[in-house]
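Below you'll find the structure, written out as structure tokens, and then a few comments.
Each value in this text was obtained by applying a stated rule to the coordinates, not by laboratory testing. If you're wondering where the values come from, they're calculated on a predicted model, not measured in any experiment. As a convention, Cβ positions derive from the backbone with ideal geometry for all residues, glycine included, and neighbour counts pool all protein chains shown.
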Amino acid sequence: MKIEVDHESPIPLHVQVEQLLRELIKQPLYADGGFLPKEVELAKKLGVSRNTIRQATNKLENLGLIVRKKGVGTRVAVPKISTDLSEWHSFTQEMHYKGISFENLNTEIAWVKPKAAILEALGLKAGIEVLKLTRLKGLNQSPIVYFESYFHPRIGLTGKEDFTKPLYEIIEQDYHLVPSTSYERIKAVTAAGIYEKLNLQPTDLILLRERIVTDRGDKPLEYNIGHYRADQFTYEIAIKRPV
């Protein structure tokens, strides 16, 4: 790719630099995480001032296209994956609708005696064993979200199911219970406790989403905890104003 600007053009130099950088960040070297040339190098190569370069990079940073870190450099921003809270599906189904094929990096199944808060949410007495399913999902072998699911015994899950299939599809088609309502709570917490699973530091922030899924009779089916990398995931909420 030719890196140059037209000093005779009526188009302002900072606009030309911005357009040039927009094309540059699409190149494989940079799109895959490589650092962009330093401001001083770009300014010298293009024959413009550093202020002109900074005007262009400020615009791209404000648009979320690049990330600058003092003392480190400038690189292409990782696009955030979003989920819509106006309706809900299993994670696999929702990402499929968005054209994103997540990988199952690790799946574990065990019968456990969960914490009192989880038993209470499922309407179970102390000491009851439930099936626990944990799944680590990501893209290109890079982890993005870690799920813990606890299922009410009345569903009938055995632990031998094919959990590579969408979870709620299994419950509905194989056990004839229809997941109908999801009660959710979302908050930002530190990654302490699960940071190694998501390749983070203990002090890094993640999105913690707790979900209680009920059937059409509002009886609990699942207690689900999702730990999302906050730098790669965002929630979108559509709220309509009452007429």
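Specify whether the C-alpha gyration tensor of segment 13-76 places it in the rounded, prolate or oblate class, a ≥ b ≥ c being the square roots of the eigenvalues: rounded for a/c under 1.5, otherwise prolate if a/b is larger than b/c and oblate if not.
rounded
Amide H neighbours of Gly138 under 5 Å, at least 5 residues apart or on other chains, H built in the peptide plane: list them.
Glu103, Leu105, Ile144
Per DSSP H run of at least 4 residues, take -39500 (n - 2.57); add these up for the chain, divide by its residues and hand me the 222 nm value, nearest 500 deg cm²/dmol.
-7000 deg cm²/dmol
Take the alpha carbon gyration tensor of segment 9-50, find the square roots of its eigenvalues, order them as a ≥ b ≥ c, and report rounded if a/c is under 1.5; if not, report prolate when a/b exceeds b/c, else oblate.
oblate
Thr181 to Ser142: FRET efficiency via 1/(1 + (r/R0)^6), r the Cβ-Cβ distance, R0 35 Å, to the nearest 0.05?
After rounding to 0.05, the efficiency reads 0.60.
Among rounded, prolate and oblate, which fits segment 104-149 when a ≥ b ≥ c are the square roots of the eigenvalues of its C-alpha gyration tensor, a/c under 1.5 means rounded, and a/b larger than b/c means prolate?
Prolate shape, in that a/c is at least 1.5 and a/b is the bigger ratio.
Percentage of Cα-Cα pair distances in segment 144-226 greater than 16 Å, rounded to whole percent?
Across segment 144-226, Cα pairs with separations above 16 Å total 57 percent.
Would you please state which residues of segment 1-39 a label at Asn199 would reach in this model, taking the label point 7 Å out along Cα→Cβ and a backbone N cut-off of under 13 Å?
Only 33 pass the distance filter.
Go through segment 187-203 residue by residue and turn each phi into a ³J(HN,Hα) via Karplus (6.51, -1.76, 1.60, θ = phi - 60°); whole Hz please, and just put x for glycine and proline.
8, 9, 9, 7, 7, 3, x, 10, 4, 5, 5, 9, 6, 10, 9, x, 8
Please report, largest first and rounded to whole Å, the three semi-axes of the ellipsoid equivalent to the chain, where each semi-axis is the square root of five times an eigenvalue of the C-alpha gyration tensor.
Rounded to whole Å, the semi-axes are 47, 18, 16.
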